[in-house]
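The structure appears below as structure tokens.
Every number in this text was worked out from the coordinates using simple rules, so none of it is lab data. Note that this is a predicted model, so its numbers are computed, not measured. No Cβ is skipped: glycine too gets one built from the backbone with ideal geometry, and neighbour counts run over all protein chains shown.
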Amino acid sequence: MKKTILVVDDQPGICMLLTDILTEEGYHVETASTGKEGLEKMNTSVYHLVLMDYQLPIFNAFEVVKQLEKPNNQIPVIVMTGMTEGIVREKEDCNNIVTILSKPFNIKEVCELVHSILK
């Protein structure tokens with residue numbers, strides 16, 4: 001059975017790129033474009049991994065993660081951002097955020113990271 005990944009980003013191009021790449025790698029990918037939509041999907045569906053932009057409409061990535069209901073609050077989350085300063089301290093409050101990925105990112109590195117988390 002394919003593992004399912006949720007990509008949450010308000011930039012359609014990022015969602016499309018990650019969907020194409022991760023689908024080629026053998027994953028099932030779903031997308032959301034706001035923090036609220038991502039939160040709703042994470043609380044109602046099963047995901048093995050979430051790649052989420054930090055700065056989203058309505059809720060940022062950390063606000064989404066803090067509002068997750070059990071057992072969904074154990075889903076590993078990769079936060080993507082163009083501004084890493086100050087975010088690392090916030091990460092300490094969210095145990096399921098596995099890493100912060102700087103934008104722009106290298107697709108090969110993203111694939112390796114996803115594979116290592118989902119192996």
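Whole-percent P(r), the chain, all Cα pairs, 5 Å bins from 0: 2, 12, 25, 27, 22, 10, 2, 0. Pairs over the 18 Å Cα-Cα cut-off, from the set 3/36; 2/66; 36/108; 70/119; 36/66: 3/36; 2/66; 36/108; 70/119.
Among the helices of the chain (complete DSSP H runs), which have Cα atoms covering no less than 15 Å along the helix axis and a Kyte-Doolittle mean of at least 0.5? Span-like helices here: 12-24, 107-118.
Are there trypsin sites (Lys or Arg not before Pro) in segment 1-64 that DSSP marks as loop and that have at most 11 other Cβ atoms within 10 Å, and which are they? Filter output for segment 1-64: 2. Would you kindly state the longest site-free stretch of the chain, with sites defined as GluC sites (Glu not before Pro) in a DSSP loop (not H, G, I, E, B) surrounded by at most 16 other Cβ atoms within 10 Å? Here the longest segment lacking exposed loop sites spans 26-68. Residues whose amide H lies under 5 Å from that of residue 56, counting only those 5 or more places away or on a different chain, are 61; hydrogens are built 1.01 Å from N in the peptide plane. Maximal additional length on extending the residue 23-residue 106 stretch stands at 28.2 nm, based on 0.36 nm per residue less the C-alpha distance. Fully extending the segment from residue 4 to residue 118 would add 40.0 nm, taking 0.36 nm per residue of separation and subtracting the current Cα-Cα distance. Each Cα pair under 8 Å and six or more residues apart adds its separation to the average, and for the chain the resulting relative contact order is 22 percent. Entry note, the chain: the mean residue ellipticity at 222 nm calculated from DSSP H runs of n ≥ 4, each adding -39500 (n - 2.57), is -11000 deg cm²/dmol after division by the residues and rounding to the nearest 500. Positive contributions from Lys and Arg (+1) and negative ones from Asp and Glu (-1), summed over other residues with Cβ under 10 Å from the Cβ of residue 47, come out at +1.
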